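Beneath this line is the structure, given in structure tokens, with notes to follow.
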Amino acid sequence: MTSDHVPKFKIDIRKENFDINLEMKYLTDVNLKVGAVVSFVGKVRDLSKNSKLKFMEIEHYPEMSEKVLRDLCKKATLRWELQGISLIHRIGKLYPGENIVLLVIASVHREEAFDASLFLMDFLKSEAPFWKKETTITGSIWVEENQVDKQKLLRWQ
Amino acid sequence: MNLLYFASLRECIGVSSENYITDQKTISGLIDELVKREPRYEKAFKNLPMIKVAIDHELIADLETSIVGVSEIAFFPPMTGG
């Protein structure tokens, strides 16, 4: 058991699905200081207007993506007192309803975990080198940058 | 140096990476040189404000950033992860 304040970190970029309970256990086992755990799951949804989404492909820049996620987690721990972060981003071919990303944050009180979750997801969307390509019955198209997501970064200035 | 292309840029240029030797000193100089090479590069870099650049895994905002001595430059569209 650790008694220091060094937060636990786990960053994983992989094809396989994740188990949210496993990640919660990783963050809360033997750390009785944890009083709050916030989790976020991003999923493949079908918002295409006239054409049905068949699947999505996620590409990344391996040498950079893990480093960016690690740096963002580090920034979050400097800004909020956190007990741990587990962040898993899936890559490859994913079908509607499948999970894309999991973020689990543990802290002493809930506010830190909620705020840090929003912060991390906002920056992940704009700064982590991942790209989504959607294939519908009419063809394939790269997902375009969401301007609203971009503006959300302003709230952290 | 090694040039990398991702997502729509990779599809447009047709390769994911290539070794490239240049006398150019900045990103903008390099892009100008690439664009003159072949139409596929011209097409890929057409919408320049939408292109993101990372030098040795570090995102850069200024196209006048020096590329002297760097080993890897990546070009890609805005990120859409999460």
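The values are calculated or read from the model by the stated rules, or taken from the named source; none is laboratory data. Computed from a predicted structure; not experimentally measured. Positions of Cβ are backbone-derived with ideal geometry, glycine not excepted, and every protein chain shown enters the neighbour counts.
Given the criteria closer than 27 Å to A:Leu120 by Cβ and either exposed (fewer than 15 other Cβ atoms within 10 Å of the Cβ) or modelled with pLDDT of 95 or more (or both), does B:Ile60 qualify?
Working: closer than 27 Å to A:Leu120 by Cβ: yes; either exposed (fewer than 15 other Cβ atoms within 10 Å of the Cβ) or modelled with pLDDT of 95 or more (or both): yes.
It is true that B:Ile60 is closer than 27 Å to A:Leu120 by Cβ and either exposed (fewer than 15 other Cβ atoms within 10 Å of the Cβ) or modelled with pLDDT of 95 or more (or both).
Okay, residues lined up against (1) within 12 Å of chain A (Cβ to nearest Cβ); (2) more than 11 Å from the chain's Cα centre (by Cα):
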| site | (1), (2) |
| --- | --- |
| B:Ala7 | yes, yes |
| B:Glu11 | yes, yes |
| B:Ile21 | no, yes |
| B:Ile27 | no, no |
| B:Lys46 | no, yes |
| B:His57 | yes, yes |
* Close pairs from segment A:8-33: first closer than 17 Å to A:Glu81 by Cα, partner among the aliphatic types (A, V, I, L, M) and part of a loop (DSSP other than H, G, I, E, B), Cβ under 8 Å, at least 6 apart -> A:Leu27/A:Val34; A:Thr28/A:Val34; A:Asn31/A:Met1; A:Lys33/A:Val108
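Matching residues to (1) more than 14 Å from chain A (Cβ to nearest Cβ); (2) closer than 23 Å to A:Trp131 by Cα; (3) basic (Lys, Arg); (4) free of Cβ contacts under 8 Å to residues at least 40 places away in the same chain:
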| site | (1), (2), (3), (4) |
| --- | --- |
| B:Glu38 | yes, no, no, yes |
| B:Leu63 | yes, yes, no, yes |
| B:Ile73 | no, yes, no, no |
| B:Gly82 | no, yes, no, yes |
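Suppose we keep only residues that are within 14 Å of chain B (Cβ to nearest Cβ) and not small (Gly, Ala, Ser) within segment A:76-92. Which one would you say is surrounded by the fewest Cβ atoms within 10 Å (Cβ to Cβ)?
Restricting attention to segment A:76-92, the residues satisfying the condition of being within 14 Å of chain B (Cβ to nearest Cβ) are A:87-92.
Narrowing further to those that are not small (Gly, Ala, Ser): A:87-91.
Values: A:Leu87: 26, A:Ile88: 23, A:His89: 24, A:Arg90: 24, A:Ile91: 17.
If we take residues in segment A:76-92 being within 14 Å of chain B (Cβ to nearest Cβ) and not small (Gly, Ala, Ser), then A:Ile91 is surrounded by the fewest Cβ atoms within 10 Å (Cβ to Cβ).
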* Just for segment A:1-56: of the residues that are at pLDDT 90 or above and of a type in the set (Gly, Ala, Ser), which one is farthest from A:Glu134 (Cα to Cα)? -> A:Gly35
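Hey, any hits in segment B:29-49 for a residue that's closer than 22 Å to A:Lys67 by Cα, touching a Ser or Thr at 6+ places or on another chain (Cβ under 9 Å) and modelled with pLDDT of 95 or more? Walk me through how you get there before you give the answer.
We begin by selecting, within segment B:29-49, every residue closer than 22 Å to A:Lys67 by Cα; these are none.
Looking for residues that are closer than 22 Å to A:Lys67 by Cα, touching a Ser or Thr at 6+ places or on another chain (Cβ under 9 Å) and modelled with pLDDT of 95 or more, one finds none in segment B:29-49, hence no.
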* To do: Could you grab me the full set of residues in segment A:60-75 that are under 15 Å from A:Lys125 (Cα atoms), touching a helix residue (DSSP H, G or I) at 6+ places or on another chain (Cβ under 8 Å) and surrounded by fewer than 23 Cβ atoms within 10 Å (Cβ to Cβ)?
  => A:Leu72
* **Residue selected from segment A:30-59 under the condition under 16 Å from A:Gly92 (Cα atoms) and of a type outside the set (A, V, I, L, M), by the criterion surrounded by the most Cβ atoms within 10 Å (Cβ to Cβ)** => A:Glu59
* Asked: Which of the residues that make up segment A:11-65 are small (Gly, Ala, Ser) and more than 14 Å from chain B (Cβ to nearest Cβ)?
  -> A:Gly35, A:Ala36, A:Ser39, A:Ser48, A:Ser51
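So that you can scan it fast, the table gives a plain yes or no per residue for (1) at positive phi; (2) over 12 Å from the mean Cα position of the chain (by Cα):
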position: A:Val6; (1), (2): no, yes
position: A:Ile13; (1), (2): no, no
position: A:Val30; (1), (2): yes, yes
position: A:Lys43; (1), (2): no, no
position: A:Lys52; (1), (2): no, yes
position: A:Ile58; (1), (2): no, yes
position: A:Lys67; (1), (2): no, yes
position: A:Lys74; (1), (2): no, yes
position: A:Glu98; (1), (2): no, yes
* Return the total of residues in segment B:25-55 being surrounded by fewer than 16 Cβ atoms within 10 Å (Cβ to Cβ) and in a loop (DSSP other than H, G, I, E, B). => 4
* **segment A:97-154: number of residues that are at the interface with another protein chain (Cβ under 10 Å from one of its Cβ atoms), assigned to a strand (DSSP E or B), farther than 23 Å from A:Glu81 by Cβ and of a type outside the set (D, E, K, R)** => 7
